[in-house]
Protein chains: 2
Amino acid sequence: MERDNPLAPEALGPTVTVGEILVEIMATTIGNGFLAPQALVGPFPSGAPAIFIDQVAQMGGSCGIVAAVGDDDFGRLNLDRLKADGVDVTAVTVSADKPTGSAFVRYRPDGSRDFVYNIKHSAAGEVTMTEAAKALFSRAGNVHVMGSAFAISGLWSILSEAVSIVKARGGSVSFDPNLRKEIMQGAEARKRLDAMLSITDLLLPSGEELLVAADAVDEGEAVERLLAKGVREIVLKRGDEGSTHYSKVFGRVDCPAFTVEEVDPTGAGDCFGAAYLTSRRAGLSPARSLLYANAAGARTVTKQGPMEGVSSKVELDRFIAAAGRETEA
Amino acid sequence: MERDNPLAPEALGPTVTVGEILVEIMATTIGNGFLAPQALVGPFPSGAPAIFIDQVAQMGGSCGIVAAVGDDDFGRLNLDRLKADGVDVTAVTVSADKPTGSAFVRYRPDGSRDFVYNIKHSAAGEVTMTEAAKALFSRAGNVHVMGSAFAISGLWSILSEAVSIVKARGGSVSFDPNLRKEIMQGAEARKRLDAMLSITDLLLPSGEELLVAADAVDEGEAVERLLAKGVREIVLKRGDEGSTHYSKVFGRVDCPAFTVEEVDPTGAGDCFGAAYLTSRRAGLSPARSLLYANAAGARTVTKQGPMEGVSSKVELDRFIAAAGRETEA
C-alpha cells in the first residue's frame, strides 16, 4: 500500500544538502560580458544548494549544508547569512588555502547571460566527507541532491554515501536534476542519474529536464516511466505557467503561477523546491505545497540577488493572501 | 671604470617582466570589507607586473610580459589592453582550466585597505618557463624583477633562468623589491634577495624596503652597503616627498614630488619604476628620468583603477610643463 507522503516527517531530522557556496557579483547594466570596467553590485550570497537550504530554513524547516568556503569575507558573508537564517553550518569547512567560489553574471540584450566563474579551483571544489558531514547526515531526515553534483566526482561519492546513511534510518531523498545537456554527455553521467532516480522519493525537474531524466519524448510518457521506476512524487516546475504534481496516490495536481514582475530569476527553482519539500515534510497536501512553492519561486524573482528573495513562511502567507488565493487547497 | 649608465640601451631588446596578471574589483564606498552586498566597479586590468609593463609600453619602450590568464573575459580584458598599448604578449599563457586571478579591494575609513584575493589557485599561480617565454628572454635587453616573486618558488626559478639568459647577452637587471615583512621571514627568502641584489643594475626600493634590502639602520649606510655590493644605481621612492637617485657616478640626485590629489594609489610605484627604467634605457640622465618617474607616479594616483592612470610620454611632457618644471635637468 502506498503511503500518502513519501517524504520523511520533520521530526526525523533536518533536510541536508551538499554543494557549492558562492558569491555572485552582478553587472548593473545590460551588455556583453566583462571586457571593460563597469558598475557592479555584490557580493551576494549564492550557490544553488545554499539558496535552497536558506529557503528551507526560512520556511521553518530544520536543515543543514555540507560545503566549503574560503577564509575570506566572501565565506564569512555566506556563513553569517546561513547561520542567521537558521541553517546548520557545522559541516561547512573553512579552507585555509582556497578562496570562496565566485560567479560574475551579466545580462545580454537578448536576455541570455554571460558568466565568469571561479568554482572548480575555489574552496567550493574541495568539499569532502568530513566527520562533521557524517555527523550531520547521521541525524538527517531528508537528503536533497542537486544535479550539478553529477559533474563532480568528489560530490557524487559524498552524495552516494549520504543517501545510504539517510535511507537506512528511514529518511527520504529529494532530487532536483538541474540537468544541463553538457553534463549528461557520457555513460557515467547516465548511470549516476539512473542510480539516483531509483532511490528518489521526490523529483523536482523543470521544463525539459523531465524528458531527459526519463529518456522520454513527451510529458505523459516521462511521468509514467518515472513513477514505474519507483519515483514516488514528481513536481514539474513550469516557470510562469505554474507547476504540476504527479504521484500514484494523488494523480495530477496543477497549480497556476503567480503573476509578478521579474527582476532576477536566479534561485527561483531552488526556492520553489525548498518550499515544496519543506511543506510536504511538514505534512501539507500536494496542492497546498505547490501553492507555497509557486509563491516562493514568484517572490524570489522580484528581488535582485540570488538569495535576497528568499521568503519566510509569514511572507509567503501574506503574498498568497494578497493574490486572493489563500483559500486554495 | 664605471659606465655612465648601467642599463642596457633600448636597441639591445625589450624590457621583460614576469608575474601576475589580475583583474581588480573596487568597492565604490569606504567601509570595512565585503561582508554585505555593495556597489562595486570593475573589472580593471591589474597586477603589479602588468601595470609596470603597460607603463613601459606607454613610454614608448619595447617590452613584453611572461604571465598566465584564464580563458575568460577577465583574461581577454587584460590581453586586449596590453596588446593595444604595445606590450608583447606572446609569452602569456591562456589556461584552459584556471580562471584569471582577481583582487577585490575596499578602503577602510582609516585609509587602509581590505582585500579578497584569488591569485595562488588562479591562472596567475601557474606561470611556467614556456618555449615562448624562453624566446622572449633570449631577445630581451632588460629583465625587471618584482619582489613579490620571492614568495613563489615557480616564479623564482623562471626569474633566475631569465636573469642568466639576459645577462649573458649583455642585458641589465632592474629590481623592485616590493618587500613585505612576511615575505622576508626565513633564510631562503634572504638568500634569494642577496642573490638578486648581487646582479642588480637598478634597484627601486620604496621607504623602508631600502633598509630591509641592505639590512641597515639608516639610509646612508644602506646606500653605501648596496653600492659596495655591486648595485649600480639605486632609486628611492619617497611617495609625496619625491625621489632620490644614488650611484657612484652621479652621487645623490633628488627630485621633488608633484602635488596632486590622490584618488587611488594602486600602481604608483610600478608606474614610477617603469618610467624611470624606460627613460634611462632611452639614454636620459638620472635627473630627467626621475622627473618622468615622479610625473608618472603622480598622474596614476589621480585616476581610479590600477592601470587607468598609466601615462604616455606626451601626457607626461604636458603634465611636467603644466607644473612649470619642463626646464629641470
Contact list please: Cβ distance under 6 Å, first residue in the range A:1-30 and touching a residue at least 24 places away in the same chain (Cβ under 8 Å) and farther than 28 Å from A:Thr90 by Cα, second residue surrounded by fewer than 24 Cβ atoms within 10 Å (Cβ to Cβ) and among the charged types (D, E, K, R), pairs at least six apart or on different chains.
A:Glu2/A:Lys248; A:Ala27/A:Arg106
Give just the number: which of (1) acidic (Asp, Glu); (2) within 17 Å of the chain's Cα centre (by Cα); (3) part of a loop (DSSP other than H, G, I, E, B); (4) closer than 24 Å to B:Glu208 by Cα does B:Asp270 not satisfy?
(3)
Of all residues in the range B:57-95, how many are within 14 Å of chain A (Cβ to nearest Cβ), crowded, with 22+ Cβ neighbours inside 10 Å and in a loop (DSSP other than H, G, I, E, B)?
1
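Residues are listed down the side, and each one gets a yes or a no for (1) within 17 Å of the chain's Cα centre (by Cα); (2) farther than 19 Å from B:Phe52 by Cβ:
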residue: B:Gly101; (1), (2): no, no
residue: B:Pro109; (1), (2): no, yes
residue: B:Asn118; (1), (2): no, yes
residue: B:Ala124; (1), (2): yes, no
residue: B:Ser153; (1), (2): no, yes
For the structure I just gave you, tell me whether B:Ile234 is of a type in the set (A, V, I, L, M) and either assigned to a strand (DSSP E or B) or in contact with a Phe, Trp or Tyr (Cβ under 6 Å, 6 or more places away or on another chain) (or both).
yes
Within the range A:23-37, considering residues that are assigned to a strand (DSSP E or B) and more than 7 Å from chain B (Cβ to nearest Cβ), the one nearest to A:Arg81 (Cα to Cα)
A:Val23
Give me the residue from the range B:194-228 that is of a type in the set (Val, Ile, Thr) and out of contact with any strand residue (DSSP E or B) (no Cβ under 9 Å at 6 or more places or on another chain) and, out of that set, most open to solvent (accessible area, probe 1.4 Å).
B:Val217
Which is on the phi < 0 side of the Ramachandran plot, modelled with pLDDT of 90 or more and in contact with a helix residue (DSSP H, G or I) (Cβ under 8 Å, 6 or more places away or on another chain), of A:Ser198, A:Ser164?
A:Ser198
Just to be sure I understand the filter: pairs with C-beta atoms under 6 Å, separated by 6 or more residues or on different chains, first member in the range B:266-290 and basic (Lys, Arg), second member open to solvent by less than 10 Å² (accessible area, probe 1.4 Å). Which pairs pass?
B:Arg280/B:Leu7; B:Arg280/B:Ser289; B:Arg281/B:Leu7
When the residues of the range A:38-56 are filtered to those that are part of a strand (DSSP E or B) and under 17 Å from A:Gly305 (Cβ atoms), which remaining residue is most open to solvent (accessible area, probe 1.4 Å)?
A:Ala39
Keeping to the range A:229-247, report how many residues are in contact (Cβ under 8 Å) with a residue 60 or more places away in the chain and open to solvent by 30 Å² or more (accessible area, probe 1.4 Å).
1
Go over the candidates A:Gly220, A:Gly283, A:Gly242 one by one and state the one that is over 18 Å from the mean Cα position of the chain (by Cα), at positive phi, away from every other protein chain (no Cβ under 14 Å) and not acidic (Asp, Glu).
A:Gly283
With respect to B:Thr130, is the statement that it is surrounded by fewer than 22 Cβ atoms within 10 Å (Cβ to Cβ), hydroxyl-bearing (Ser, Thr, Tyr) and touching a residue at least 12 places away in the same chain (Cβ under 8 Å) true?
yes
If a residue has to be part of a strand (DSSP E or B) and within 22 Å of A:Phe115 (Cα to Cα) to count, how many in the range B:1-22 make the cut?
1
Would you be able to say whether some residue in the range A:104-125 is more than 14 Å from chain B (Cβ to nearest Cβ), touching a Pro at 6+ places or on another chain (Cβ under 7 Å) and not in a strand (DSSP E or B)?
no
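Let's see how each residue does on (1) small (Gly, Ala, Ser); (2) assigned to a loop (DSSP other than H, G, I, E, B); (3) open to solvent by less than 10 Å² (accessible area, probe 1.4 Å); (4) at pLDDT below 95:
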position	(1), (2), (3), (4)
A:Lys134	no, no, no, no
A:Ala140	yes, yes, yes, no
A:His144	no, no, yes, no
A:Gly154	yes, no, no, yes
A:Leu159	no, no, yes, yes
A:Val173	no, no, yes, no
A:Asn178	no, yes, no, yes
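The values are calculated or read from the model by the stated rules, or taken from the named source; none is laboratory data. Quantities reported herein were computed from a predicted structural model and do not represent experimental measurements. Cβ: placed from backbone, ideal geometry, glycine included. Neighbour counts: every protein chain shown. Only protein heavy atoms, including side chains, enter the accessible area calculation; ligands, DNA and RNA are left aside. Shrake-Rupley method; radii C 1.70, N 1.55, O 1.52, S 1.80 Å.
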